[in-house]
Amino acid sequence: ETGELIRFFDFTAWTRAPGARRGDEQFVDQSGVWAQVRDGGLYVNHNHRTYAASSLGHNAYLSAIDLRSGQLLWRSEPLVCNSHNFVIDEDRIWCGYGFTAEPDFVTLLDRRTGALLSKTRVKTGPDYLLLRRDTLYVRTYDMDYVFELR
């Protein structure tokens, strides 16, 4: 918010998926796609944009890091967040996962623990999410969704 450098992180160690299907090694480098700071925590998603089978399902994580200590607080289960962004409210994080012929979902995580709270199936992979009051707008590859939150 102030433009002051708080901490510098090198995510090089997170680039390679823990495993890869033989012949697909060149396709599974993961990038930090979106990051957001909230209440002293850095939330970041890492993913590659190819089939999950290429990295043996080790893709599309959302992680929380304590900015003060630099320690990893939690890492979500795989295949929950390869959307271009995610949105955070007080206690929850919405993100999306999907790729071509794979199942596509809007996912909801607990912000404090990273636990998966729900998955809502959508027809194509979520690209962008926007939260306005009690409404979540989701732009997928070829359509828009509007979710009223309760």
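The values are calculated or read from the model by the stated rules, or taken from the named source; none is laboratory data. These numbers were taken from a predicted model, which means no experiment stands behind them. All Cβ positions, even for glycine, are placed from backbone atoms using ideal geometry, and neighbour counts span all protein chains on display. To get the accessible areas, we keep the full protein, side chains included, count just its heavy atoms, and leave off ligands, DNA and RNA. Shrake-Rupley method; radii C 1.70, N 1.55, O 1.52, S 1.80 Å.
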Item to check | Residue check for Val33: under 17 Å from Pro126 (Cβ atoms), open to solvent by 20 Å² or more (accessible area, probe 1.4 Å), touching a residue at least 24 places away in the same chain (Cβ under 8 Å) and among the hydrophobic types (A, V, I, L, M, F, W, C) | outcome: yes
Item to check | Residue list for region 21-51, restricted to those being among the hydrophobic types (A, V, I, L, M, F, W, C) and modelled with pLDDT of 90 or more | outcome: Trp34, Ala35, Val37, Leu42, Val44
Checklist entry - Taking region 51-107, which residues are within 14 Å of Gln36 (Cα to Cα) and of a type in the set (A, V, I, L, M)? => result Leu62, Ala64, Ile65, Leu67, Val87, Ile88, Ile93
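For region 120-140, name all the residues that are outside any strand (DSSP E or B), without any contact (Cβ under 8 Å) to a residue 24 or more places away in the chain and under 21 Å from Asn47 (Cβ atoms).
Lys123
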Checklist entry - So how many residues does region 11-30 have that are in contact with a Ser or Thr (Cβ under 7 Å, 6 or more places away or on another chain) and open to solvent by 40 Å² or more (accessible area, probe 1.4 Å)? => result 3
Item to check | region 124-150, residues that are open to solvent by 90 Å² or more (accessible area, probe 1.4 Å), of a type outside the set (Asp, Glu) and either at pLDDT 95 or above or over 17 Å from Gly98 (Cβ atoms) (or both) | outcome: Tyr128, Arg132, Arg133, Tyr137, Arg139, Val146, Arg150
Next on the checklist: So in region 48-97, with the set limited to residues that are among the β-branched types (Val, Ile, Thr) and crowded, with 18+ Cβ neighbours inside 10 Å, which one is nearest to the chain's Cα centre (by Cα)?
Outcome noted: Val80
Checklist outcome for this item: Selection over region 85-119 where residues are assigned to a loop (DSSP other than H, G, I, E, B), within 19 Å of Arg49 (Cβ to Cβ) and modelled with pLDDT of 95 or more yields a count of 2
